[in-house]
Each structure stands twice: as structure tokens, then as C-alpha cells.
Amino acid sequence: MPLLERIIRPRAFVKKYDITIFQTPHYGQSKGYKQVYRTTQEGNTHSAVLNEVFRRFNVPDLMPDNYQARYISTGDIVFIDEGRRGHFYYKLISGGWQRVNRVLIR
């Protein structure tokens, strides 16, 4: 985390987010998303959480032992559940994370 971000957003404002990862059975498919893993992740913003999820599930030494799916890659969807504050879906595209509608999960 860059120093400026630590100054702007102190540790006291870090929240825990409920994260669910959705992937298709085979890389490159656009339909048939299934839930492959659910966890919590700490972060200040959705952007910080998404970057940490990408790092955590693409570095073999950081992956949880019970994670059985493939690496996070283009086309995968991450669901951030904030309870009453809302539900947010983000799809990984070649330029980064893009917010999407839930309809894509079906």
C-alpha cells in the first residue's frame, strides 16, 4: 500500500468485506458462472480489496489451502457483499476490474 494511501486512510477505517469468486467451468467461456470460493478480505475501498483478491489468488504461496479453482483471470467475477450497504459485482477485463450487473452470473 503506498504511503500516501496509508496517511489518507488510516488502519482504523479498514473494513472486512465478504467476497465470493465466480468462474466458468472452462477459461474463456461467457456463460455458466459458478461460485468457486467464498472468503473475507480487509480493505479500505473496493479497488483495494479487488487488487488484494487478485494478488492472493494468483500467487501460489498466498492461496488458501482449500482453494481448488484456477487462478483469477480475465472474465472472472468477484462479488462484494456489504449487506445493507449493497451488493457489487466486478468482472476482470484486460484493463482491470469493471463493475457489472448480476445478470452476467446466470
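Bear in mind these aren't lab numbers, they're just calculated from the coordinates by the rules spelled out. Just so we're clear, the structure is a prediction, and the values are computed from it rather than from any experiment. Quick reminder, even Gly has a Cβ in these numbers, built from the backbone with ideal geometry, and neighbours come from all protein chains shown.
Each principal axis of the range 27-95 carries a Cα extent, and these read 32, 29, 24 Å when sorted largest first. In this rough spin-label picture, where each label sits 7 Å from Cα along the Cβ direction, the Asn66-Lys15 distance is 2.5 nm. Be a star and scan the range 13-46 for residues whose amide nitrogen sits under 15 Å from the point 7 Å along the Cα-to-Cβ vector of Thr74. Only 27-30 pass the distance filter.
Over the range 3-105, calculate the relative contact order: mean separation of alpha carbon pairs under 8 Å at least 6 apart, over the residue count, as a percent. Don't skip to the answer; put the middle values down first.
Numbers: 145 pairs, mean separation 26.5, N = 103.
Computed value for the range 3-105: 26 percent relative contact order.
Placing unit charges on C-beta atoms (Lys and Arg positive, Asp and Glu negative, everything else neutral), compute the dipole magnitude of the range 3-105 about its Cα centre in debye, rounded to 20.
Charge dipole of the range 3-105: 300 debye, to the nearest 20.
Compared with the alpha-carbon gap, the fully stretched path from Asn51 to His87 is longer by 11.2 nm at 0.36 nm per residue.
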